[in-house]
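The values are calculated or read from the model by the stated rules, or taken from the named source; none is laboratory data. The structure displayed is predicted, hence computed values, not measured ones. Cβ atoms come from the backbone with ideal geometry, glycine included; neighbour counts cover every protein chain shown.
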Amino acid sequence: MTEKTNRPKNFSEFKQIVNAEDYFQFFELPYDQQFVNVNRLHILKQFSLLMKEIDKVFPDLSDEERLSKYREALEEAYQVFLTSSPLETKLFKVFQEKPKNVVLLQDIGIS
């Protein structure tokens, strides 16, 4: 859990963050360390995709508004993996590719 500081958030400070825990601390969001340890890459990947969407849809936001939307995006990315598995979300290419030279049972037409 993080302690609320109520100090203004600085966008240049945000851009320096690289660790999942630091994002949660920056936005003063509670998180389960063990859950983040297991789902770190998936949370960060989902967060990254959501930030790109925010930047695309809202190009004229002030830094304060952008950080507010990013905070919501991090919350959403965290919540996604509380309710679904990384395999279900298929964020990474390895989960999207069909194995080569493998015939899956579902692909065999049984009459």
Qualifying residues in segment 33-47 (those that are surrounded by 13 or more Cβ atoms within 10 Å (Cβ to Cβ) and not aliphatic (A, V, I, L, M)) - the one modelled with the highest pLDDT: 47
Residue satisfying condition, being modelled with pLDDT of 95 or more, outside any helix (DSSP H, G or I) and surrounded by fewer than 17 Cβ atoms within 10 Å (Cβ to Cβ), within set 72, 21, 28, 3: 28
Selection count, segment 48-69, where residues are touching a residue at least 24 places away in the same chain (Cβ under 8 Å), surrounded by 16 or more Cβ atoms within 10 Å (Cβ to Cβ) and closer than 17 Å to residue 13 by Cα: 2
Any chance residue 92 is at pLDDT below 60 and surrounded by 12 or more Cβ atoms within 10 Å (Cβ to Cβ): yes
Test set (1) in contact with a helix residue (DSSP H, G or I) (Cβ under 6 Å, 6 or more places away or on another chain); (2) not in a helix (DSSP H, G or I) - residue 59 fails condition number: (1)
